[in-house]
Amino acid sequence: MNDSPKVSVVLNNYNYEPYLAEAIDSALAQTYPNCEVIVVDDRSTDGSKEILESYGDRIQLIAKANGGQASAFNVGIEAARGEYILLLDSDDVLEPNAV
């Protein structure tokens, strides 16, 4: 059996502390069970780091030098193991059955 996730949710973040937890929680709450959640932090300067670290191993956290949204998504896509990729901004949320 292949343990790789079929869907990778890639979330980019840069200074979206007020919205970040809700976005991550919505990705983790998907009814489809075979998902991984990758969060790429583009060197936020707000309290995002503490929020991200609180998720532990429930997310794959990638911290990178600031380079903008497209570069953050590219890094996340490179790390994704899923057959399908869903891109999510950190100020958006997913419905539970989005995947």
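The values are calculated or read from the model by the stated rules, or taken from the named source; none is laboratory data. This is a predicted model, so every value here is computed, not measured. Virtual Cβ from ideal backbone geometry, glycine too; neighbours counted across all protein chains shown. For accessibility, only protein heavy atoms count, side chains too; no ligands or nucleic acids. Shrake-Rupley method; radii C 1.70, N 1.55, O 1.52, S 1.80 Å.
When residues in region 1-17 are screened for being within 22 Å of residue 70 (Cα to Cα) and either touching a residue at least 60 places away in the same chain (Cβ under 8 Å) or under 13 Å from the mean Cα position of the chain (by Cα) (or both), 9 of them pass.
Just so you know, in region 18-34 the residues that are open to solvent by 40 Å² or more (accessible area, probe 1.4 Å) and in contact with a strand residue (DSSP E or B) (Cβ under 8 Å, 6 or more places away or on another chain) include one that is farthest from residue 65 (Cα to Cα), and it is 32. The set of residues from region 52-89 being of a type outside the set (S, T, N, Q) and open to solvent by 80 Å² or more (accessible area, probe 1.4 Å) comprises 53, 57, 58, 63, 78, 81, 83, 84, 87. Contact annotation: no residue pair with Cβ atoms under 8 Å, 6 or more positions apart or on different chains, pairs a residue in region 59-83 that is more than 23 Å from residue 25 (Cβ to Cβ) with a partner that is among the small types (Gly, Ala, Ser) and surrounded by 14 or more Cβ atoms within 10 Å (Cβ to Cβ).
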